[in-house]
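The values are calculated or read from the model by the stated rules, or taken from the named source; none is laboratory data. Computed from a predicted structure; not experimentally measured. Cβ placement follows ideal geometry from the backbone for every residue including glycine, while neighbour counts extend to all protein chains displayed. Quick note on the areas: whole protein, heavy atoms, side chains included, nothing else; ligands and nucleic acids left out. Shrake-Rupley method; radii C 1.70, N 1.55, O 1.52, S 1.80 Å.
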Amino acid sequence: MSSEPPPGSGQQPPEDDPFRKQPPPEQGSGSPYGGQPPPYQGGGPAGGDPYGGGSYPSDPLAGMPPLADSGRRTLARIIDMILVGIVVWLLTWGFGVSEYNVDADEVEYGKSFAQSAVAAVLYIAYDTFLISKSGQTLGKKWLKMRVANLDNGSTPSVQTALVRSLVLWLPFAFCCACIWTAICGGWSFFDKPYKQGLHDKAAKTVVVSAG
């Protein structure tokens, strides 16, 4: 049976990664689960791997900071949406996408699709670049939290950050913005034990406190 951890960033974190998982704290020094016992204790067919991928430490979050509060995560996402939304509006206004006022289905559809495409590209690029660089978008940085790989606590790779961003932003931009955002991000309010949104589950990441 393999002893390798499940894939997260696709590679081991570099030695100089400041967010690399640290040795577990001594007994009684605190828990990333907010005082609750860690999940996946003891051995089993999957060895405790939350994704069923083979042998894995009994507590994937050992050595990580506490999980971020879901309410603060939501506020950080709203901040990011406002910041990128302003840029989307400026770009679509600057290129005349918002200047059409013709009562024809074709023109209105083209206008809407162009705005959605610009929004999707910018949101995905924004999240992918900043998450792969430091684990923090501006909203997360201001509210002191970061995205980390579940398997080793390091900053997600570009590939991992891209997967996370695609799951979050493609449906948001092209079909069901409010509904998908509520489902995808709101999932973390009910998910146990890692407080993951659907985009976190797809990328195998968690959001932890950063200060």
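With all protein chains present and a 1.4 Å probe, how do Phe172, Phe190 order by accessible area, largest first?
Numbers: Phe172 30, Phe190 170 Å².
Output order, biggest surface exposure first: Phe190, Phe172.
Which value, in Å² rounded to 10, gives the accessible area of Lys144 with a 1.4 Å probe and all protein chains present?
Accessible surface of Lys144 is approximately 120 Å².
So what's the net charge close to Val84: Lys and Arg +1, Asp and Glu -1, counting the other residues with Cβ under 13 Å from its Cβ? Spell out each step's value before the answer.
Details: positive: Arg77; negative: Asp80, Asp127.
Net charge in that neighbourhood comes out at -1.
Largest first, what is the accessible-area ranking of Val167, Val207 with a 1.4 Å probe?
Per-residue accessible area, sorted high to low, gives Val167, Val207.
At 1.4 Å probe size, what's the solvent-accessible area of Val88? Round to the nearest 10 Å².
About 20 Å², ignoring ligands and nucleic acids.
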